[in-house]
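Peer 1: Okay, handing you the structure first.
The values are calculated or read from the model by the stated rules, or taken from the named source; none is laboratory data. Treat the numbers as computed from the prediction; the structure is a model and nothing was measured. Methodologically, a virtual Cβ is constructed for each residue, glycine included, from the backbone with ideal geometry; neighbour enumeration extends over all protein chains shown. Just the protein is used for accessible areas: all its heavy atoms, side chains included, with ligands, DNA and RNA removed. Shrake-Rupley method; radii C 1.70, N 1.55, O 1.52, S 1.80 Å.
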Amino acid sequence: MINIKEMMIENSIPMKITIIGTGYVGLVSGACFAELGNEVMCLDINPKIISQLKKAKVSFFEPDLQKLVQKNIKKKTLKFTTSYATGCKNNIFFICVDTPDNGFGSPDLKSLNSVLRMLQKKITRDAVLVLKSTLPLGTNNRIAKSMSKHFLLKNIIVDVCSNPEFLKEGSAIKDFMQPDRIILGTPSESSKALLTKLYAPLKSKSTQLFHMSVESAELTKYASNAFLATKISFMNEVALIAEKSGGNIHEVREGMGADRRIGPDFLNAGLGFGGSCFPKDMKALINFEKKNKIKNSIIENALKINQNQVKLFIKKIRSTFGSNLKDKSFVIWGLSFKPNTDDTRDSVAIELIKLIAPSVKSLYLFDPKVKKDSLSKLKKYPNITFLNSQYENFNLANGLIICTEWNDFKDPKINKLAKLQDRVIFDGRNILDSQLMNENNFSYIGIGL
Ligand code: UDX
């Protein structure tokens, strides 16, 4: 058992923790733990990122994060390093490295494995590793075995815990500071005590702290994401039924969501879910099911429904203009995978643009935060133009396609919309008022409406 007495004394408030990986999960967790009064060392092997972060420059857009990083650098509770020697002065490590899809439906563990190799080299006393990245089921046990084998002769104990995060991009700081729940999968009473103490400041009436096995903690993360994604695909299926039965998906959503057993959240039908989490986590679970001969997968069908959403929407655009779109141009509102972020990873908006660009005359793209430079994947389409402002080129376009549910798009100026040559609006996020659009002689096409 780790020398908890020594660790508790050394880690009385403020606790000294090292965060490895400074992406969404790592930087948000690091800045928030620092804000809670702990001494946080953020370690990343990318010298460019670390030199920027030392100047409080955050490379991605997340509301309020830059301010929080700046504030805690000033308070000297948040520091940055590329050095494992510096990082291993502490003995509580949060592993928050990126585990992107490897293209075969499994998370790529290259970064994780290089971190583990470095920690095996640099750790010199009992330590606690906390896995915060989303890792394939069974990873915790695999790491724990390799750590205990590696450190056995050195008489060092390394506890490997699972503490999945549930941060949503665009509201990550609030999600960290006011979580619905904190999940702690710990292999021993000692690391359980240590992490309970670390998270104590967040425990409140509305925040439950669950202690469980590491296996359950790993699965809770996957199951939560897969359930939310399946809820979205279920509503997209209901939207298809609504279109055939004359129902209105907004009314159905409200009627369903009022049932506490269902809840109002994540019931928005639309172009489908994207981002660096849902699609990847679904694929990883489906892979696990296949390996373990688990059949009739709801999760697999939910992903299939999602992967079909953009194609169904393009069919609507084609059927509105007759199949030939060659002389048609569109303004596209929204490039990020969701609002309040500049993240375009697995964005359905980008997928739609790639699919429709070869069959139309021109596409004019606008997003409040996504920068043109970040979209090298669209460079090969000569008929794409990036707009600097929301209502540019409307007179050159036949219609408007809404792909991301930014607030900026929810109450558009009718007189500006009226410049669209064919006054047609394809609302892939059902954010506009269909009645108002129809009253103003726009052809308004949503999903499930
Ligand atoms: C998600 C989980 O919500 C979060 O708990 C986890 O930690 C990481 O993955 P995130 O990827 O930031 O967070 O996005 P989220 O807000 O969950 O949205 C995911 C996708 O679902 C977006 O593309 C969004 O547009 C779409 N969505 C969301 C819908 O289509 N309908 C909805 O009702 C809600």
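Peer 1: To the nearest 10 degrees, how steeply does helix 278-291 sit against the main Cα axis of the chain, on a 0 to 90 scale?
Peer 2: 70
Peer 1: Right, another one. Which of rounded, prolate or oblate describes segment 52-162 when judged by the alpha-carbon gyration tensor and an a/c cut-off of 1.5?
Peer 2: oblate
Peer 1: Can you compute the label reach from LYS197? Point 7 Å from Cα along the Cβ direction, backbone N cut-off under 18 Å, restricted to segment 144-181.
Peer 2: Answer for segment 144-181: 157-161.
Peer 1: Turning to a different aspect of this structure: Taking R0 as 22 Å, what's the FRET efficiency between GLU254 and SER171 from their Cβ-Cβ distance, rounded to 0.05?
Peer 2: Efficiency for this residue pair is about 0.45.
Peer 1: Between GLN52, VAL348, LEU420, whose Cα lies farthest towards the positive end of the dipole of the chain when Lys and Arg beta carbons carry +1 and Asp and Glu beta carbons carry -1, centred on the Cα centre?
Peer 2: Towards the positive end, the residue furthest out is GLN52.
Peer 1: With labels modelled as points extended 7 Å from the Cα through the Cβ direction, what inter-label distance (nm, one decimal) is found for GLN178 paired with GLN208?
Peer 2: 1.9
Peer 1: Report the residue, chosen from LYS371, LYS380, LYS338, that carries the largest GNM mean-square fluctuation when the chain is represented by alpha-carbon nodes joined by springs under 10 Å.
Peer 2: Among LYS371, LYS380, LYS338, the largest mean-square fluctuation in the Gaussian network model of the chain belongs to LYS380.
Peer 1: Hey, what angle do you get for helix 65-74 against the long axis of the chain, alpha-carbon based, 0 to 90 degrees rounded to 10?
Peer 2: So the helix axis and the longest Cα principal axis differ by about 30 degrees.
Peer 1: Moving to a separate point now. Might you tell me the accessible area per residue for the chain, computed with a 1.4 Å probe and given in Å²?
Peer 2: 47
Peer 1: Moving on. For the chain, find the longest principal axis of its Cα atoms and tell me its angle to the long axis of helix 298-321, 0 to 90°, nearest 10.
Peer 2: Around 30 degrees separate the two axes.
Peer 1: Sticking with this one: Give, rounded to the nearest 20 debye, the magnitude of the charge dipole that segment 33-179 has about its Cα centre when Lys and Arg contribute +1 at Cβ and Asp and Glu contribute -1 at Cβ.
Peer 2: Rounded to the nearest 20 debye, it is 720 debye.
Peer 1: Over segment 97-180, what is the mean sequence separation of C-alpha contacts under 8 Å (at least six apart), divided by residue count, expressed as relative contact order in percent?
Peer 2: Dividing the mean separation by the residue count of segment 97-180 yields 27 percent.
Peer 1: Once you have the Kirkwood Rh of segment 389-449 from its Cα pairs, apply Stokes-Einstein at 4 °C and 1.567 mPa s and quote D in µm²/s.
Peer 2: Rounded, D is 112 µm²/s.
Peer 1: What FRET efficiency would be calculated for the residue pair LYS110, ASN440, taking the C-beta separation as r and a Förster radius of 60 Å, to the nearest 0.05?
Peer 2: With R0 = 60 Å, the Cβ-Cβ based efficiency is 0.70.
Peer 1: Taking 0.36 nm per residue of sequence separation and subtracting the Cα-Cα distance, how much length would be gained by fully extending the chain between LEU152 and LYS326, in nm to one decimal?
Peer 2: Contour length minus Cα-Cα distance gives 55.9 nm.
Peer 1: By its C-alpha gyration tensor, with a ≥ b ≥ c as the square roots of the eigenvalues, how is segment 300-350 shaped: rounded for a/c under 1.5, else prolate for a/b larger than b/c, else oblate?
Peer 2: Since a/c reaches 1.5 but b/c is at least a/b, the shape of segment 300-350 is classed as oblate.
Peer 1: Out of residues 5 or more away from VAL97 or on other chains, whose amide H comes under 5 Å of its own, with H placed 1.01 Å from N in the peptide plane?
Peer 2: HN-HN under 5 Å from VAL97: SER133.
Peer 1: Can you pick out the pairs among LYS57/LYS79; LYS377/LYS419; LYS89/LYS121 whose Cα atoms lie more than 20 Å from each other?
Peer 2: Exceeds cut-off: LYS377/LYS419.
Peer 1: List the pair-distance distribution P(r) of segment 30-102, using every Cα-Cα distance, as the percent of pairs falling in each 5 Å bin from 0 up to the bin containing the longest distance, rounded to whole percents.
Peer 2: Answer for segment 30-102: a P(r) of 3, 16, 25, 27, 20, 7, 2, 0 percent.
Peer 1: Limiting things to C-alpha atoms, what are the Rg and the maximum Cα-Cα separation (Dmax) for segment 176-233, in angstroms?
Peer 2: Over segment 176-233's Cα set, Rg and Dmax evaluate to 12.9, 41 Å.
Peer 1: Report, to the nearest whole %, how much of the accessible area of the chain belongs to carbon and sulfur atoms, 1.4 Å probe, protein only.
Peer 2: In the chain, the share of accessible area belonging to carbon and sulfur is 55 percent.
Peer 1: Only Cα pairs under 8 Å and at least 6 apart count here; give the relative contact order of segment 297-400 as a rounded whole percent.
Peer 2: Reported relative contact order: 30 percent.
Peer 1: In vacuum, with every alpha carbon of segment 171-291 counted as one equal point scatterer, what does the Debye formula give for log10 I(q)/I(0) at q = 0.18, 0.19, 0.20 Å⁻¹? Two decimals, please.
Peer 2: Results for segment 171-291 at q = 0.18, 0.19, 0.20 Å⁻¹ read -1.10, -1.15, -1.19.
Peer 1: Now for a different question. Dividing the alpha-carbon Rg of segment 96-159 by 2.2 N^0.38 Å yields what?
Peer 2: Segment 96-159 yields a ratio of 1.17.
Peer 1: Diagonalise the Cα gyration tensor of segment 94-238 and give the resulting equivalent ellipsoid semi-axes, square root of 5 times each eigenvalue, largest first, whole Å.
Peer 2: Working from the Cα gyration tensor, I get semi-axes of 28, 20, 13 Å.
Peer 1: Follow-up question, since we're still on this one. Return, for the Cα atoms of segment 323-434, the radius of gyration and Dmax in Å, separated by a comma.
Peer 2: Cα-based Rg and Dmax for segment 323-434 come out at 12.9, 35 Å.
Peer 1: Regarding the chain, what is the average projected area of its C-alpha convex hull, in nm²?
Peer 2: One quarter of the hull surface, i.e. the mean projection, equals 23.1 nm².
Peer 1: For segment 144-196, what D do you get in µm² per second when you plug the Kirkwood radius from alpha-carbon pairs into Stokes-Einstein at 25 °C and 0.890 mPa s?
Peer 2: The calculation lands on 186 µm²/s.
Peer 1: Right, next: Would you mind pulling out the separation of the Cα centroids of segment 181-229 and segment 78-143, in Å?
Peer 2: Spelled out, the Cα-based centre of one part sits 18 Å from the other.
Peer 1: Turning to a different aspect of this structure: Might you report the magnitude of the Cβ-based charge dipole of the chain about its Cα centre, with Lys and Arg at +1 and Asp and Glu at -1, to the nearest 20 debye?
Peer 2: 1280
Peer 1: Over the heavy atoms of PHE321, what accessible area does a 1.4 Å probe trace out, to the nearest 10 Å²?
Peer 2: Using a 1.4 Å probe on the heavy atoms, I get roughly 40 Å².
Peer 1: Here's a follow-up. Could you give me the percent of Cα pairs per 5 Å distance bin for segment 219-375, shortest bin first, beginning at zero and ending with the bin that holds the maximum distance?
Peer 2: Histogram of Cα-Cα distances, whole percents per bin: 2, 8, 15, 18, 18, 18, 13, 6, 3, 1, 0.
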